Amino acid sequence: MLRISGKLALICTVAATALACINLLTAPKIEKYNKELLIKALSAVSKTYVISETNTLVNETDTAFDKINSFYTLSDNEILTGYILSITAVGYGGPMDMIVGYEKNGALIQAKLLKNTETPGLGKEAEKTEYMELFLSKGASDPIPLRKNQLTTEQADAISGATITFSGVAKALFSGSEFVKTKLAESKQ
């Protein structure tokens, strides 16, 4: 029994050492890839506006905005035009990281779904630009659709099978729009 325990301990030690070495080799590449992905997403949701440095939210006590992680300001010739928010939505597969651009009035410019574990062929469709077009320009005077019955029949059919993902994305986009219209608008007055 002692020989088996010793062999198992040796195997575990070798496996742990191998995994640690692989992590040392891959961690910088994964970090670089994630930064490149963020830069592409920021560019995609900013129109042609200039993006500021990130502003991390600290101690956000309003639970309506607790999924908003940070924001960037957007400007055109040094005039504030909008914001980009980093938001964590919750879908069928769990947390979904999003980068979302808004005009100053809370209207959605564009949104990109980044890291997520949604179901391929269903919830993963939210990664596509066409999916986020359901929400474009919504959030100011035209409300963000939070339920499928607020969509056209064609739009509702397109998200069929991914209702939880749709609901998570819609709630996150709505929360972001409200954050821009209330919290950020207040801070710029």
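Taken together, the values in this text are just the output of simple stated rules run on the coordinates, not laboratory data. These numbers were taken from a predicted model, which means no experiment stands behind them. Positions of Cβ are backbone-derived with ideal geometry, glycine not excepted, and every protein chain shown enters the neighbour counts.
Loop-resident trypsin sites (Lys or Arg not before Pro) (DSSP state other than H, G, I, E or B) in the stretch 33-140 with no more than 14 further Cβ atoms inside 10 Å of their Cβ: K47, K115, K128.
Counting neighbouring Cβ atoms within 10 Å and putting the fewest first, the residues R147, R3 line up as R3, R147. Here the Debye sum runs over all C-alpha atoms of the chain as equal scatterers in vacuum, and log10 of I(q)/I(0) at q = 0.20 Å⁻¹ comes out as -1.38. Among T182, T73, the order by Cβ neighbours within 10 angstrom, fewest to most, reads T182, T73.
Specify the angular offset, from 0 to 90 degrees and rounded to the nearest 10, of the alpha carbon long axis of helix 2-45 from the longest principal axis of the alpha carbons in the chain. Helix 2-45 sits at roughly 20 degrees to that axis.
Along the axis of the charge dipole computed for the chain (Cβ charges of +1 for Lys and Arg, -1 for Asp and Glu, origin at the Cα centre), the listed residues C12, I22, L2 are led at the positive end by L2.
With a simple spin-label model that places each label point 7 Å from the Cα along the Cα-to-Cβ direction, the separation between T119 and K32 comes to 3.7 nm.
Exceedance of the 25 Å cut-off in Cα-Cα distance is limited, within the set K35/K138; K104/K148; K29/K112; K40/K104; K40/K138; K67/K138, to K35/K138; K104/K148. Per the Kirkwood formula applied to alpha carbons, the stretch 15-110 shows a radius of gyration over Rh ratio, Rg over Rh, of 1.09.
With contacts taken as Cα pairs under 8 Å and at least 6 residues apart, the chain reaches a relative contact order of 17 percent. Remark: the S52-S137 segment gains 28.4 nm on full extension, using 0.36 nm per residue and subtracting the alpha carbon distance. Along the chain, the longest continuous region that contains none of the GluC sites (Glu not before Pro) in a DSSP loop with at most 10 other C-beta atoms within 10 Å is 79-189.
The helix-only estimate of mean residue ellipticity at 222 nm for the chain, built from DSSP H runs of length n ≥ 4 each weighted as -39500 (n - 2.57), is -12500 deg cm²/dmol after division by the residue total.
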